[in-house]
Amino acid sequence: MNALTKAEEQVMRILWDEKEGFVKDLLQHFPEPRPAYNTVSTIIRILEKKGFVDHRSFGKSHQYHPLVSREQYRNERFSGLMKDYFNNSMKQVLSHFGSSESLSMKEADEIIKIMEDLKQKQGPDE
C-alpha cells in the first residue's frame, strides 16, 4: 500500500470520519480556506485509482466511500516505519520514544501498564 500525500490523507480522514459523501459534502469538512471543488474531485479520483476509495453512481453524481479503513492504513504505515527506521524492532521504537523529551511521565506509566498487561496475557513462556 502506497503512502498518501498530505492532500490525499486529508481527504481520506474526512471520508473515514463521514463514512461516505459527495465531493460537495466533503468540502464542508475542510478548514478555511477550503480547496476548490475540482481539486477535491481530482484527489478523490486519484484515491480511487490507487484503490483507497470507490463510488456509487447517482446519475452524474458520485458518492464516495473508503475501501481501506483508517486502521488498515495506520497498520501499514507503522509497519513501514518499523521496517525502514527501526529494523522491525519494537524495542528500538520504545527506546526511541523513551529517550524523547516529548514523552511525559504519565504516558511512560501508561506504556508500562500496557506492556505489563500484554505480558500477563501472553504468559511467562512467550
Number of Lys pairs in the chain closer than 27 Å at Cα, excluding neighbours under 8 places apart unless interchain, is 26
Return a whole-number percent for the relative contact order of the chain, with Cα pairs under 8 Å and 6 or more residues apart as the contact set.
20
Cα centroid separation, segment 22-56 to segment 81-121 (Å)
35
Per residue, accessible area of segment 49-126 with a 1.4 Å probe, heavy atoms of protein chains only, in Å², comes to 84
Highest GNM mean-square fluctuation, the chain, Cα pairs closer than 10 Å: which of 55, 96, 29?
96
Carbon and sulfur atoms account, in whole percent of the 1.4 Å probe accessible area of the chain, for 52
Taking amide H atoms as placed 1.01 Å from N in the peptide plane, list the residues 5 or more away in sequence, or in a different chain, whose amide H sits under 5 Å from that of residue 22.
64
Could you run the Karplus curve 6.51 cos²θ - 1.76 cosθ + 1.60 with θ = phi - 60° over segment 54-69 and give me ³J(HN,Hα) per residue in whole Hz, x for Gly and Pro?
9, 9, 10, 8, 10, x, 8, 8, 10, 9, 9, 8, x, 9, 10, 6
Nonlocal amide H pairs with residue 53, under 5 Å, H built at 1.01 Å
48, 67
Along segment 20-28, what does the Karplus equation 6.51 cos²θ - 1.76 cosθ + 1.60 (θ = phi - 60°) give for ³J(HN,Hα), rounded to whole Hz, x for Gly and Pro?
6, x, 7, 3, 4, 6, 5, 4, 5
Karplus-derived 3J(HN,Hα) from phi for segment 85-99 (6.51 cos²θ - 1.76 cosθ + 1.60, θ = phi - 60°), whole Hz, x at Gly and Pro, runs 10, 10, 6, 6, 10, 5, 4, 5, 4, 5, 5, 4, 6, x, 8
Selection of trypsin sites (Lys or Arg not before Pro), segment 1-86, meeting DSSP coil and at most 14 other Cβ within 10 Å:
19, 50, 60
Helix 105-122 sits off the longest principal axis of the Cα atoms of the chain, rounded to the nearest 10 on a 0 to 90 degree scale, by 80
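The values are calculated or read from the model by the stated rules, or taken from the named source; none is laboratory data. These numbers come from a predicted model, not from an experiment. FYI the Cβ positions are ideal-geometry reconstructions off the backbone, even for glycines, and counts take in every protein chain you see. These area figures cover heavy atoms from the full protein model, side chains too; ligands, DNA and RNA do not enter into them. Shrake-Rupley method; radii C 1.70, N 1.55, O 1.52, S 1.80 Å.
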